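Structure first, commentary second.
No lab work stands behind these numbers, since they all come straight from the coordinates. Note that the structure is predicted; figures quoted are calculated from it, not measured. In this analysis, Cβ positions are derived from the backbone assuming ideal geometry, glycine residues included, and neighbour counts consider all displayed protein chains.
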Amino acid sequence: MREALTFLPGRRTPPAPAGCRGRVLDFTRARIMGVLNVTPDSFSDGGKFVDLHRALEAVARMAEEGADIIDIGGESTRPGSVPVDEAGELRRVMPVLERLDPSKGPFLSIDTRKPGVARAALDAGVHIVNDVGGLSDPGMREAAARTGAAAIAMHMRGEPRTMQENPVYEDVVREVCSFLEERARGAEAAGVRSVWVDPGIGFGKTWDHNLGILRRLPAFMALERPLVIGVSRKAFVGAITGVQRPEERVIGSKVAEAFAAMAGADVIRTHDVGAAREALQMAAALARGSVADRSP
Ligand code: HH2
């Protein structure tokens, strides 16, 4: 028997628009978060954007290709990665952030687990704190709350160095959902006005866990907060398609991104922005049943 999609798509009412420090991002369509890793060791683009000029060029290119948000990170969290200290992370991200204008163009997001880095990035004007540590450090919640920034709580089981060593769940969707609900409530109680949730594809999950989460995204929509999904170039895409080199895992990534958007994800975190835009345009038209935003 061939499996067919058994649930149909989509969130009927999108989550409320997110106020981010004086600017507002609505979720009337799935938004694209382009990734900029200013790191020597990220799994798919390590070393490519350490040079400031190349990093700024990459931001400009992603903006032109249709990124709604640029997510800038100075620490790799790939499986097995070694942590970097705060000063080192700041040295990587701040020169880029200081040259970007937060008042126009894509929203800016800082991908960090360190309150000190989040605070410095917020001082430079970023709109969103993206924490793969799930906003567990009170300093992260306080930094976002104080500035009116949005914050992303992502689920990770364990630490990047060891997280892929035999992760076990009884029911991955139920456990990740209740973790995200708890973290979102904690952040809101600390004063964060817009908390987004992310099940953390690839963070302490087997390939089957990743697929199980993607097939049950409506359960995460029930959290009633903007839902972020990052599948781009990840190992499970390579495991399915046989494409070894992360930067060549584009087609598998785009199918998964379109699937996630059709199932209701609000933000797609991706390395290949132009291709993601086309994939999401197709997904939106299929979900809508018309070519244009409004049928003639
Ligand atoms: N994935 C990565 C990093 N940050 N943040 C969120 N919210 N969701 C994700 O799925 C996510 C994330 C890993 O990807 P990448 O940044 O490309 O790699 P590395 O951690 O090696 O820099």
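Among the trypsin sites (Lys or Arg not before Pro) within the stretch 245-296, those in coil by DSSP and having at most 10 neighbouring Cβ atoms inside 10 Å are Arg294. Shown here for the stretch 115-163: trypsin sites (Lys or Arg not before Pro) in loop regions (DSSP other than H, G, I, E, B) with at most 16 other Cβ atoms within 10 Å, namely Arg161. In the stretch 66-187 the Cα-Cα distances spread across 10 Å bins starting at 0 as 13, 41, 33, 11, 1 percent of all pairs. Extent along the principal axes, Cα only, for the chain: 55, 49, 39 Å, with the longest axis given first.
What stretch of the chain, leaving out the sites themselves, is the longest with no GluC sites (Glu not before Pro) in a DSSP loop having at most 16 other Cβ atoms within 10 Å? Between exposed loop sites, the widest span is 4-97. Oblate is the label for the stretch 151-296, because the ratio a/c of its alpha-carbon gyration tensor axes (a ≥ b ≥ c) is 1.5 or higher and a/b is not greater than b/c.
Projecting the Cα atoms of Ala149, Val50, Leu214 onto the charge dipole of the stretch 19-229 (Cβ charges, centred on the Cα centre) puts Ala149 farthest toward the positive pole. Summing charges over neighbours of His127, with a neighbour being any other residue whose Cβ is under 9 Å away from its Cβ, gives +2 when K and R count +1 and D and E count -1. Only one residue of Val267, Ala256, Gly289 has its Cα farthest out toward the positive end of the dipole of the chain, where Lys and Arg carry +1 and Asp and Glu -1 on Cβ, and that residue is Gly289. Placing +1 on the Cβ of every Lys and Arg and -1 on the Cβ of every Asp and Glu, with no other charges, gives the stretch 19-229 a dipole of roughly 340 debye about its Cα centre. Between Thr28 and Ile251, what is the FRET efficiency for a Förster distance of 30 Å, r being their Cβ-Cβ separation, to the nearest 0.05? Once rounded, the FRET efficiency stands at 0.65. Phi-derived couplings, Karplus 6.51 cos²θ - 1.76 cosθ + 1.60 at θ = phi - 60°, listed residue by residue for the stretch 159-170: 10, x, 4, 10, 5, 8, 7, 6, x, 10, 9, 7 Hz, with x used for Gly and Pro. What the Cα convex hull of the stretch 106-173 gives, in volume per residue, is 104 Å³. Each DSSP beta bridge with both residues in the chain is either parallel or antiparallel, and the antiparallel ones are about 10%.
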